[in-house]
Ligand SMILES: [Cu+2]
(Lines give C-alpha, C1' and ligand atoms only; values in the text may rest on other atoms or scores of the structure.)
Protein backbone atom coordinates (compact mmCIF):
# COMPACT_ATOMS: atom_id res chain seq x y z
CA UNK A 1 0.00 0.00 0.00
CA UNK A 2 2.84 2.31 0.91
CA UNK A 3 4.71 1.66 -2.39
CA UNK A 4 1.56 2.43 -4.35
CA UNK A 5 1.23 5.75 -2.54
CA UNK A 6 4.78 6.83 -3.44
CA UNK A 7 4.24 5.82 -7.07
CA UNK A 8 1.38 8.26 -7.20
CA UNK A 9 3.65 10.97 -5.81
CA UNK A 10 6.28 10.14 -8.41
CA UNK A 11 3.65 10.31 -11.16
CA UNK A 12 2.60 13.79 -10.01
CA UNK A 13 6.23 14.84 -9.79
CA UNK A 14 6.91 13.76 -13.42
CA UNK A 15 3.74 15.54 -14.55
CA UNK A 16 4.88 18.65 -12.76
CA UNK A 17 8.33 18.48 -14.43
CA UNK A 18 6.73 18.07 -17.87
CA UNK A 19 4.48 21.03 -17.21
CA UNK A 20 7.44 23.18 -16.10
CA UNK A 21 9.39 22.22 -19.27
CA UNK A 22 6.36 22.90 -21.45
CA UNK A 23 5.71 26.33 -19.93
CA UNK A 24 9.42 27.17 -20.09
CA UNK A 25 9.48 26.22 -23.78
CA UNK A 26 6.50 28.47 -24.53
CA UNK A 27 7.78 31.40 -22.45
CA UNK A 28 11.38 31.34 -23.68
CA UNK A 29 11.22 29.90 -27.21
CA UNK A 30 14.82 30.79 -28.10
CA UNK A 31 16.48 28.91 -25.24
CA UNK A 32 18.03 25.45 -25.25
CA UNK A 33 14.97 23.42 -26.30
CA UNK A 34 14.86 25.12 -29.68
CA UNK A 35 18.63 25.43 -29.79
CA UNK A 36 18.99 21.63 -29.75
CA UNK A 37 16.18 21.12 -32.26
CA UNK A 38 17.19 23.64 -34.89
CA UNK A 39 20.82 24.60 -35.27
CA UNK A 40 21.14 26.61 -38.50
CA UNK A 41 23.57 25.32 -41.13
CA UNK A 42 24.56 28.86 -42.02
CA UNK A 43 23.90 32.36 -40.70
CA UNK A 44 23.52 35.54 -42.69
CA UNK A 45 22.70 39.08 -41.67
CA UNK A 46 20.56 41.64 -43.47
CA UNK A 47 20.69 45.28 -42.46
CA UNK A 48 17.67 47.55 -42.41
CA UNK A 49 19.63 50.54 -43.65
CA UNK A 50 19.73 54.07 -42.31
CA UNK A 51 16.86 56.14 -43.72
CA UNK A 52 14.96 53.00 -44.83
CA UNK A 53 11.69 54.66 -43.77
CA UNK A 54 12.12 57.18 -46.61
CA UNK A 55 10.34 55.96 -49.81
CA UNK A 56 12.85 57.83 -52.00
CA UNK A 57 15.67 55.69 -50.62
CA UNK A 58 17.01 53.36 -53.31
CA UNK A 59 17.69 50.51 -50.86
CA UNK A 60 15.82 49.43 -47.71
CA UNK A 61 17.24 46.00 -46.91
CA UNK A 62 20.94 45.37 -47.50
CA UNK A 63 21.16 43.05 -49.37
CA UNK A 64 17.59 43.15 -50.65
CA UNK A 65 17.99 39.73 -52.31
CA UNK A 66 19.81 37.11 -50.28
CA UNK A 67 20.42 33.40 -50.86
CA UNK A 68 20.75 30.84 -48.10
CA UNK A 69 20.84 27.04 -47.96
CA UNK A 70 17.90 25.14 -46.48
CA UNK A 71 17.94 25.36 -42.65
CA UNK A 72 19.99 28.54 -42.85
CA UNK A 73 19.23 31.44 -40.56
CA UNK A 74 18.70 35.05 -41.57
CA UNK A 75 19.05 37.78 -38.96
CA UNK A 76 17.70 41.24 -39.70
CA UNK A 77 19.13 44.15 -37.77
CA UNK A 78 17.48 47.54 -37.70
CA UNK A 79 20.11 50.24 -38.17
CA UNK A 80 17.53 52.91 -38.98
CA UNK A 81 16.27 55.52 -36.52
CA UNK A 82 12.68 54.47 -37.29
CA UNK A 83 10.70 51.38 -36.21
CA UNK A 84 10.38 48.56 -38.74
CA UNK A 85 9.02 45.03 -39.02
CA UNK A 86 10.01 42.04 -41.15
CA UNK A 87 6.97 40.07 -42.31
CA UNK A 88 6.85 37.34 -44.95
CA UNK A 89 4.66 37.61 -48.02
CA UNK A 90 3.55 40.91 -49.48
CA UNK A 91 1.31 43.72 -48.34
CA UNK A 92 -2.30 42.49 -47.98
CA UNK A 93 -1.54 38.85 -48.84
CA UNK A 94 -2.48 37.71 -45.34
CA UNK A 95 -0.32 34.59 -45.54
CA UNK A 96 2.48 35.26 -43.14
CA UNK A 97 5.11 32.59 -42.68
CA UNK A 98 7.14 34.66 -40.26
CA UNK A 99 6.46 37.97 -38.59
CA UNK A 100 8.84 39.96 -36.45
CA UNK A 101 7.79 42.16 -33.56
CA UNK A 102 8.29 45.90 -33.88
CA UNK A 103 12.04 46.35 -34.31
CA UNK A 104 13.50 49.46 -32.73
CA UNK A 105 16.94 50.81 -33.52
CA UNK A 106 19.49 48.06 -32.89
CA UNK A 107 16.88 45.30 -32.53
CA UNK A 108 17.38 41.99 -34.31
CA UNK A 109 15.01 39.33 -35.61
CA UNK A 110 16.08 35.86 -36.77
CA UNK A 111 14.32 33.19 -38.80
CA UNK A 112 15.43 29.73 -39.92
CA UNK A 113 14.22 28.81 -43.40
CA UNK A 114 13.42 25.08 -43.39
CA UNK A 115 11.81 24.91 -46.83
CA UNK A 116 13.19 25.51 -50.29
CA UNK A 117 11.73 28.34 -52.32
CA UNK A 118 11.69 32.06 -52.87
CA UNK A 119 10.29 34.05 -49.99
CA UNK A 120 9.34 37.68 -50.27
CA UNK A 121 9.02 39.85 -47.21
CA UNK A 122 8.21 43.45 -46.42
CA UNK A 123 7.79 45.97 -43.61
CA UNK A 124 4.20 46.41 -42.43
CA UNK A 125 4.84 50.04 -41.45
CA UNK A 126 6.44 50.90 -44.81
CA UNK A 127 5.03 48.44 -47.43
CA UNK A 128 7.39 49.85 -50.07
CA UNK A 129 10.23 48.19 -48.17
CA UNK A 130 10.59 44.79 -49.83
CA UNK A 131 13.14 42.00 -49.83
CA UNK A 132 13.58 38.44 -51.04
CA UNK A 133 15.18 35.32 -49.55
CA UNK A 134 16.08 32.46 -51.88
CA UNK A 135 16.38 29.14 -50.09
CA UNK A 136 18.16 26.47 -52.11
CU1 LIG B 1 9.66 49.94 -42.05
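Considering each of 88, 82 in turn, give the residue that is surrounded by 14 or more Cβ atoms within 10 Å (Cβ to Cβ), within 14 Å of the chain's Cα centre (by Cα) and either modelled with pLDDT of 95 or more or farther than 16 Å from residue 42 by Cα (or both). Unique residue meeting the criteria: 88.
Residues that are closer than 19 Å to residue 102 by Cβ number at least 1 in the following strands (runs of 3 or more DSSP E) confined to segment 37-91: 43-48, 72-78. Applying a threshold of 8 Å to beta carbon distances and a minimum spacing of six or more residues, or different chains, the list of pairs starting in segment 41-53 at a residue that is closer than 16 Å to residue 132 by Cβ and ending at one that is part of a loop (DSSP other than H, G, I, E, B) and more than 16 Å from the ligand (Cβ to nearest atom) reads 46/63. Number of residues in segment 36-65 that are crowded, with 18+ Cβ neighbours inside 10 Å and away from the ligand (no atom under 16 Å from the Cβ): the value is 1. With respect to residue 112, determine if the residue is in a strand (DSSP E or B), within 16 Å of the chain's Cα centre (by Cα) and within 16 Å of the ligand (Cβ to nearest atom). Taking the combined requirement at face value, the residue does not satisfy it.
Looking only at segment 115-132, count every residue that is within 12 Å of the ligand (Cβ to nearest atom) and either in contact with a helix residue (DSSP H, G or I) (Cβ under 6 Å, 6 or more places away or on another chain) or in a strand (DSSP E or B) (or both) and tell me the total.
4
A Cβ distance below 6 Å, combined with a sequence gap of six or more or placement on separate chains, defines the contacts here; from segment 107-118, residues that are farther than 23 Å from residue 50 by Cβ reach residues that are surrounded by fewer than 16 Cβ atoms within 10 Å (Cβ to Cβ) in the pairs 112/38; 114/71; 116/70; 118/134.
The values are calculated or read from the model by the stated rules, or taken from the named source; none is laboratory data. Since this is a predicted model, take the numbers as computed values, not measurements. Note: ideal-geometry Cβ built from the backbone for every residue, glycine included; neighbour counts use all protein chains shown.
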